[in-house]
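No value in this document is a laboratory result; all are computed from the given coordinates. Small disclaimer: the values here were computed from a predicted structure and weren't measured. No Cβ is skipped: glycine too gets one built from the backbone with ideal geometry, and neighbour counts run over all protein chains shown.
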Amino acid sequence: MKQWEGVQANGLPTPQFNVLKRVTGFVVANIVSDNIRINAAPLASYPEDDKLIDPVRIVNEEFESLTEQNRLPALAKEFARDAAVRGDGCIYSWWDEDADAGPNGKGRIRCEMVENTRVFFGNPNDRRVQEQPWIMLEKREIVRNAKRRAKKYGSDNWQQIMPDDENTMGMDSIKRTDDKVTSIQLFWRDDDTGEIWCYEFTHNCVIREAWNLNIRLYPFVWLNWDYVSDCYHGQAMLTGLIPNQIFINKAWAMSMLSIMRSAWPKVVYDKTRVSHWDNRVGGAIGVAGNVDSVAKNIDPAQVPPQVFQYISAAVSQTEESLGATEAALGEGKAYNTSAILSLQKAASTPQELTKQNLYQQIEDLARIWLEFMAEYYGKRTVDMTMTEEMRKLFEQVNALNEAAGQPAQEIPQTTPVDFDFGMLKDHPFSVKIDVGASSYYSEIASLQTLDNLLLNDRITTVQYLERIPDGNVAGRRKLIEELKQQEEEQKRMAEQQAMMEQQMAMEQQMAEAAPQTEEIAENEATAERQTTGFKELGEALRSVERRR
């Protein structure tokens, strides 16, 4: 930061006690979390959201991949820092058709920071990006890159692209180069279809004729640190603090100058008795006559202690006005976790509105990513959860293999299939941001809570691993999958054991009932024999009667 630029020094020293840099770093680190996770979910009004379980999981995994590829936590910090220093932050997203996407071919979504002075809104009185009639983006790029793209897109006069001077911030000599050209991209929304179109050109050549991006959102997110009425540019956090920084630097400069001029005492001597004063250590000084009252030290004027008190007060008041108190900056003493958390929460209260606005813009960024996915991803190979029908098919194959004397194959949890991201156009999704605590002590408290829940059997090991912060367990996802497989194997073995126990109980009941059945059969046979004997006796008696 050029803190003395434009300030009249008038011979003063020019020290720089950069209070604002420390405060800015603290505020940005306080409102931006290191753990940013984007989650998509079907809208509540969708009637058959159970059919979107796998698509939602695939989209969330793609969000996680994009967060890592574009380094979203670091990008969010730069986004917030630009807004704090410049007044506005801007992230531009585009589809890089030449990027390697692994087995899924070419193309992926990229993001970059853009200076707020290079973005122009069609309606400068409205800060809402998606309400603009058009948006213009200015870039400085190497001439050969611009020529290559113009030739690729069929421009007839691509060889006419020449270096030019940059009009903005032209006093900075590092920006005046001989191999750069200013290119402009003009974005607008079609009134009939609502889709975004783009046209790219330089001052003397068309790089690419107007083409349809086939997305419905402008690929920009725009953050104002503090809103300015009727203007799309915001006010920076440092705007009202620059006079404080100038006062602190000037006060230190004048104190330094005073010390440099009068820090050491002056010697006054009698020239009638001393012809020349010698300041050498141990050097002899000739005196004519009595040595009394030959020389005297004159004490210099002291810098009033109130000066340093005012400087310290200016520094502390500047920091505290933005929540950078001693406790929040780590200079205070807190003897337990609860006290540290309370102090941090109190210090972060002034930035809550800016924090909410920041994460709202990241949600808008995720919606832009969703638009690019639906339009440009097409069919890509993804891992889908094994359905019940496919699982039964695997079990049948394993049964045939066992009958043939071959080993059974392990049933996988997922299977690779071709997923058409174009279906996202027909199924609206809502997007929300899950933000983890950026505080070290909040992470410790979260781990302690999860440990207690696990020890008290309130959650399972899988639930514990799914919720602990990243970086605490290596290979966490693989471990979760292995534990889930073990749980399913144990569940299957328990079901088999229950079936075996049930079958054994039935066999035992049948065995216990067998003697009773034999006794009943024997009794029935005896009764039948008795009945037969009685019948034969009756027949004999009737025969005797007839003979008589």
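With each label point set 7 Å from Cα along the Cα-Cβ vector, what nm distance links Met113 and Leu43?
Calculated label separation equals 3.5 nm.
State the extension gain, in nm to one decimal, for the chain segment bounded by Asn214 and Met500, taking 0.36 nm per residue of separation less the distance between their alpha-carbons.
Once the chain is fully extended between Asn214 and Met500, it gains 96.9 nm.
For the residues Thr239, Thr182, what sequence is obtained by ranking on other C-beta atoms within 10 Å, fewest first?
Ordered from fewest to most neighbouring Cβ atoms within 10 Å, Thr239, Thr182 come out as Thr239, Thr182.
Once you have the Cα-Cα distance between Glu61 and Ala9, take 0.36 nm times their residue separation minus that, and quote the gain in nm to one decimal.
13.1 nm
Only counting other Cβ atoms within 10 Å, I'd like Asp191, Asp420, Asp226 sorted with the fewest neighbours first.
Asp191, Asp420, Asp226
Considering only Cα-Cα distances, which of the following residue pairs are longer than 31 Å: Lys392/Lys425; Lys152/Lys355; Lys432/Lys484; Lys21/Lys139; Lys21/Lys355?
Lys392/Lys425; Lys152/Lys355, as the Cα separations exceed 31 Å there.
Mind giving me the FRET efficiency for His276 and Ala313? R0 is 51 Å, r the Cβ-Cβ distance, nearest 0.05 is fine.
Result of the calculation: an efficiency of 0.60.
So how much slack lies between Gln406 and Asn452, counting 0.36 nm per residue of separation and subtracting their Cα-Cα distance, in nm?
Roughly 11.9 nm would be gained on extension.
Could you tally the net charge around Glu375, taking each other residue with its Cβ under 11 Å from the Cβ of Glu375, Lys/Arg +1 and Asp/Glu -1?
Charge balance in the 11 Å sphere: 0.
Between Glu481 and Tyr227, how many nm apart are label points set 7 Å from Cα along the C-beta direction?
The two pseudo-label positions are separated by 4.7 nm.
FRET efficiency for Thr460 and Ala29, Cβ-Cβ distance as r, R0 = 35 Å, nearest 0.05?
The computed FRET efficiency comes out at 0.50.
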